[in-house]
1. I'd like to verify a number: residues in the stretch 112-137 that are in contact (Cβ under 8 Å) with a residue 24 or more places away in the chain and among the charged types (D, E, K, R), how many?
2. State all residues of the stretch 101-124 that are small (Gly, Ala, Ser) and touching a Leu at 6+ places or on another chain (Cβ under 9 Å); if no residue qualifies, say none.
3. I'd like to verify a number: residues in the stretch 33-45 that are closer than 16 Å to Val104 by Cα and open to solvent by 50 Å² or more (accessible area, probe 1.4 Å), how many?
4. Here are some residues: Arg25, Arg50, Arg37. Which one is under 25 Å from Glu151 (Cβ atoms) and touching a strand residue (DSSP E or B) at 6+ places or on another chain (Cβ under 7 Å)?
5. Being of a type in the set (A, V, I, L, M, F, W, C), surrounded by 15 or more Cβ atoms within 10 Å (Cβ to Cβ), free of Cβ contacts under 8 Å to residues at least 24 places away in the same chain and assigned to a strand (DSSP E or B) is the requirement here; does Val78 meet it?
6. Taking the options Leu112, Leu103, name whichever one is farther than 21 Å from Ala10 by Cα, surrounded by 15 or more Cβ atoms within 10 Å (Cβ to Cβ) and among the hydrophobic types (A, V, I, L, M, F, W, C).
7. Which ones in the stretch 46-75 are among the acidic types (Asp, Glu), open to solvent by less than 60 Å² (accessible area, probe 1.4 Å) and more than 13 Å from the chain's Cα centre (by Cα)?
8. Exactly one of (1) within 27 Å of Glu128 (Cα to Cα); (2) of a type in the set (A, V, I, L, M, F, W, C); (3) part of a loop (DSSP other than H, G, I, E, B) is unmet by Leu108. Its number?
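The values are calculated or read from the model by the stated rules, or taken from the named source; none is laboratory data. Just so it is clear, the model here is predicted, and its values are computed rather than measured. For neighbour counting, all protein chains shown are included, and Cβ atoms are generated from backbone atoms with ideal geometry for every residue, glycine included. Keep in mind that these areas ignore ligands, DNA and RNA; they rest on the heavy atoms of the full protein, side chains included. Shrake-Rupley method; radii C 1.70, N 1.55, O 1.52, S 1.80 Å.
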Amino acid sequence: MSANSAEPTARLDVVLVKAGRTKIRYPAELLDDDGTRIAVRAPWAGSGVRDFGFVRFEAGDVFTEYYWRDRWYSVKEVRAADGTVKGWYCDITRPAVRTGGELVVEDLDLDLWRSADGGDVRRLDEDEFAQSGLTETDPGAASAAVAALDELEALARTGDFHRLLT
């Protein structure tokens, strides 16, 4: 399969790495890979319900996830089992790496949530990022991570957010 096509039944294992260890691995359906952006779809891969207070991820939820080889974030559209969009959960990450049947992404702790109606945009886990020590161990990556979070927040607040997904 070329980098510019996705077979309808193609599968990838999405591997989220944090601090050098695999945080989660789950199978996903490859929707598209244009050489820069990779799109996959997968059911909620967590165990049980994850209640953030502003959104719940639970069995039946479906995530359409967008990863970039040249950007420091990923965007996950979250839909309930009935197809209703809950919102978008964005992870600040190093650029994605696809090797064969694996898509590896390194989580850098910062996150952003945008509700379906755009009325709730919130930065998440800035305390974890500060405690990670990345600003000391890899200042360039830390700077890229903060810039990515700022970019996503601006897109989420100005209504240009959807252009990332088309």
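1. The qualifying residues number 4.
2. Once the filter is applied, which keeps residues that are small (Gly, Ala, Ser) and touching a Leu at 6+ places or on another chain (Cβ under 9 Å), the stretch 101-124 yields only Gly101.
3. So the answer is 2.
4. Going through Arg25, Arg50, Arg37 in turn, just one is under 25 Å from Glu151 (Cβ atoms) and touching a strand residue (DSSP E or B) at 6+ places or on another chain (Cβ under 7 Å): Arg37.
5. Here the answer is yes, as Val78 does meet what is asked.
6. Answer to the check: Leu112.
7. Listed by number, the residues that qualify are Glu58, Asp61.
8. It is condition (3) that Leu108 fails.
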